[in-house]
1. Being surrounded by 14 or more Cβ atoms within 10 Å (Cβ to Cβ), under 23 Å from Val390 (Cα atoms) and in contact with a strand residue (DSSP E or B) (Cβ under 6 Å, 6 or more places away or on another chain) is true for just one of Gly239, Gly234. Which residue is that?
2. When the residues of segment 200-223 are narrowed to those that are more than 23 Å from the chain's Cα centre (by Cα) and in contact (Cβ under 8 Å) with a residue 24 or more places away in the chain, which ends up nearest to Phe306 (Cα to Cα)?
3. Taking the stated definitions as given, is Ala185 of a type in the set (A, V, I, L, M, F, W, C), in contact with a Pro (Cβ under 7 Å, 6 or more places away or on another chain) and in contact (Cβ under 8 Å) with a residue 12 or more places away in the chain?
4. Being over 30 Å from Trp370 (Cα atoms), among the aliphatic types (A, V, I, L, M) and modelled with pLDDT of 95 or more, is that true of even one residue in segment 238-259?
5. Determine, yes or no, whether Glu369 is of a type outside the set (A, V, I, L, M, F, W, C), over 30 Å from Ala65 (Cβ atoms) and within 23 Å of the chain's Cα centre (by Cα).
6. For segment 343-360, how many residues meet the condition of being part of a loop (DSSP other than H, G, I, E, B) and out of contact with any strand residue (DSSP E or B) (no Cβ under 6 Å at 6 or more places or on another chain)?
7. Select, from Pro377, Pro393, Pro388, the only residue that is part of a loop (DSSP other than H, G, I, E, B) and modelled with pLDDT under 95.
8. For segment 173-194, state whether one or more residues are hydrophobic (A, V, I, L, M, F, W, C), farther than 30 Å from Arg73 by Cβ and either in contact with a Cys (Cβ under 8 Å, 6 or more places away or on another chain) or surrounded by 19 or more Cβ atoms within 10 Å (Cβ to Cβ) (or both).
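The values are calculated or read from the model by the stated rules, or taken from the named source; none is laboratory data. Quantities reported herein were computed from a predicted structural model and do not represent experimental measurements. Cβ placement follows ideal geometry from the backbone for every residue including glycine, while neighbour counts extend to all protein chains displayed.
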Amino acid sequence: MHKVHEGLVAADAGMAGDRVVAAGSSARILVAATARALRGTDCADLGHPGPVSRFPGAPDPVRRAAVTRAAGRVALTPAQTADVDAGRVAGWFVDQYPRRRYPGAVLGSPHGAAAHLAVALGVPWLPAGFEMTVHWAQGAVDRPGAALDHGAALAGRLLAGNDDLHVRQVHCPASRGALAGATVALAARWRTLPAAYRRFLTDRLAPGAPVLLLRDARTWPVLDPGNGHSFQVGCPGSGLDPVDFHPDSHALRQVLRSAGGDAARWEPPQVSSSSGYAEHGVESGFELSARDWAGRGGHPLHRVLFPRPEALSAAIADLYRRWLRAAGKTGDRLVVECGRLLDPWQVVRAGMVPYWCENATRRSVEGVEWWLAGSEPFTSVDVLPEPPGVRSPALAGLPQWLAVAGFGRRRRALDRTSARGYPVASVPTRRATEVLRAQPYDLPQPPPLAVAEALAVLRDSGTDQGLLVS
């Protein structure tokens, strides 16, 4: 395990937001991408290749060691969890946006299509929580019970100074691989609208500007003793089902073997049969607080619930196609993004339709296949498959990604750089920028969408997908 000198880590940073929020996490990437797009810039400066990108063909033990060392350089130390200030994190998010008046705002669960929606509306996107990773010096990927014990102690330190948070710990070797045994993943969710968000919205929203709250409605078995810290084994984003994390599961044995663990040692904590919202859900207190603020300030608040990420991705892709065609563009060029591989500004600059896959699981890729099968054909389809950096039986193979590209009538492109070393390589966010920069310009940019128009399209095209718009 990479040794961390606590006195040297972020000594001058004062636990600023960029130190606290996990590198490469959804909220961090999406705020950065949205803020850049609203400034009229792309994501060319976002992300850097991980250690495994330098030798994707290395044996699994070597690759796992490299991943663990890299995690050791960026994860928080256990002692630092007591210094986390969630209010400062909220301030760091809002400070990334240009200082001007906005015709609305989008809040809620992290989702790439939410960033594209915000850019089309010309408004900021703000997350309802953020993710952290913390060192687990004596950790093991196949010891979820020990992970719970370690995480509970970390959550206690964190909550002592941040009583407005709920901390969801996720132990998922299927989505995190060897990292699940080297670090603990904590998803901190605000239980009320942070003060920095209130100030930002009050100062920056135009009078009567609406607010959209997007909520991920996926559920998962959760152990929640009611002390502000909850725990789940596995996650929806793994592409597996809760039953797949049972000790007798063949899929679990494959996952643990790839991550350097042993299924014989797997003894997950007992979880009640009831399920709660998964880690990317929105706390009910956050929504109530946002509604209260909006009502007092005369800002309509609209809620969009999506039962699975593919539903929102399909609805926003349909929305973009209509938006582009209303501006006299063809709307016939599609880019299929994945995970961190997205660039909202370059998508708008090129006049393309974006469809965002949460990750490279078969479930996510099947979602875009079904949507394409039921959509008017596209002239061109560009596909950016993000290598997840792990091996799992739930992952889509490159032939499935190629099948997605095959829906293009004239152009069918699968990014070779992203495919090289798939699935265990590492590709930075700026790779999406490099690919999209090569697309022909289609300017001028369409005028910003009105929120009312966007909601009408979401109701129209999203109903069949299971969206609930209120």
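1. Selected residue: Gly239, the only one of Gly239, Gly234 that is surrounded by 14 or more Cβ atoms within 10 Å (Cβ to Cβ), under 23 Å from Val390 (Cα atoms) and in contact with a strand residue (DSSP E or B) (Cβ under 6 Å, 6 or more places away or on another chain).
2. So in segment 200-223, the residues more than 23 Å from the chain's Cα centre (by Cα) come out as 202-210.
When the remaining residues are screened for being in contact (Cβ under 8 Å) with a residue 24 or more places away in the chain, the result is 202, 204-210.
Values: Thr202: 27, Arg204: 27, Leu205: 25, Ala206: 27, Pro207: 28, Gly208: 25, Ala209: 23, Pro210: 19 Å.
Once the filter is applied, the top-ranked residue is Pro210.
3. no
4. Yes; the residues of segment 238-259 include at least one that is over 30 Å from Trp370 (Cα atoms), among the aliphatic types (A, V, I, L, M) and modelled with pLDDT of 95 or more.
5. Yes, satisfied.
6. Adding up the residues that qualify gives 4.
7. Numbers: Pro377 fails: modelled with pLDDT under 95; Pro393 fails: modelled with pLDDT under 95.
Result: Pro388 is the single residue among Pro377, Pro393, Pro388 that is part of a loop (DSSP other than H, G, I, E, B) and modelled with pLDDT under 95.
8. Yes, because at least one residue in segment 173-194 is hydrophobic (A, V, I, L, M, F, W, C), farther than 30 Å from Arg73 by Cβ and either in contact with a Cys (Cβ under 8 Å, 6 or more places away or on another chain) or surrounded by 19 or more Cβ atoms within 10 Å (Cβ to Cβ) (or both).
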